[in-house]
Amino acid sequence: MPTKFKNEPFTDFTKPANKKAMEKALAKVRAELGQEHPIVIGGERITTTEKLYSYNPSKPTEVIGVHQKANVDLAVKAVETASKVFETWKTVPAKKRADYIFKAAALMRKRKFEYCAMLTYEVGKSWAEADADTAEAIDFLEFYGREMLRLAAPQPLIKTAGEKNELRYIPLGV
């Protein structure tokens with residue numbers, strides 16, 4: 001069982017080490033701007049002729065990234081693929097599914113400055129705003145992973161003589 005939930009602390013950018021880490025992340029992310037990103041459906045990387053561009057709001061000529069513009073057929077393919085995978089995924093124990101969520105939170109925490117840098121470039125967030133948004137995303141992962149474990153455990157019910165009742169939460173689908 002994970003530790004008790006605790007909000008992700010905010011970064012103090014007045015500390016030289018944090019300022020330096022953020023500046024390093026900004027340089028790293030800047031070097032990666034403008035890349036094209038495929039749609040990924042069932043592990044297949046798909047590019048389309050129509051593109052969507054994301055621009056830096058504080059420097060409108062700077063392309064943050066180029067994304068594929070999906071059509072109805074790709075959306076249907078994505079939902080159908082997810083529905084097929086769900087047949088296996090729904091049998092994965094809650095603890096293992098929660099572990100994936102906790103791992104995602106740990107990766108975000110490890111790369112927190114990079115996420116902050118991307119928010120700074122892509123949506124014009126200040127360092128403090130980007131840090132708060134990133135901390136909140138980590139909190140969501142941590143909270144919902146814990147909720148998954150809590151809801152997977154036996155749930156208390158009112159006992160009624162002569163009846164055996166149980167409550168289970170089950171995955172419902174895509």
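Computed from the coordinates by the stated procedures, all read-outs in this text should not be read as laboratory data. These figures come from a predicted structure and were not determined experimentally. Ideal geometry is used to build each Cβ from the backbone, glycine not excepted, and the neighbour counts take in all protein chains shown.
The set of residues in the stretch 38-59 that are closer than 22 Å to Val123 by Cα and without any contact (Cβ under 8 Å) to a residue 60 or more places away in the chain comprises Pro38, Ile39, Lys51, Leu52, Tyr53, Tyr55, Lys59. Given the structure, is Lys4 within 27 Å of Phe140 (Cα to Cα), of a type in the set (Lys, Arg) and touching a Lys or Arg at 6+ places or on another chain (Cβ under 9 Å)? Criteria met by Lys4. When we screen Leu52, Leu33 for residues that are touching a helix residue (DSSP H, G or I) at 6+ places or on another chain (Cβ under 8 Å) and among the aliphatic types (A, V, I, L, M), the only hit is Leu33. Consider the stretch 127-162 and keep the residues that are hydroxyl-bearing (Ser, Thr, Tyr) and assigned to a helix (DSSP H, G or I). The one that is surrounded by the fewest Cβ atoms within 10 Å (Cβ to Cβ) is Tyr144.
Candidates in the stretch 4-35 are the residues that are acidic (Asp, Glu) and under 20 Å from the mean Cα position of the chain (by Cα); of these, the one that is nearest to Gly65 (Cα to Cα) is Glu32. Only residues that are without any contact (Cβ under 8 Å) to a residue 24 or more places away in the chain and more than 19 Å from Pro2 (Cβ to Cβ) were counted in the stretch 125-155, giving 6. Selection of the stretch 19-37 for residues being touching a residue at least 24 places away in the same chain (Cβ under 8 Å) and not small (Gly, Ala, Ser) yields Met22, Lys24, Leu26, Lys28, Val29, Arg30, Leu33, Gln35, Glu36, His37. Checking each residue of the stretch 63-77 against the condition of being over 23 Å from the mean Cα position of the chain (by Cα), among the basic types (Lys, Arg) and part of a loop (DSSP other than H, G, I, E, B) gives no match.
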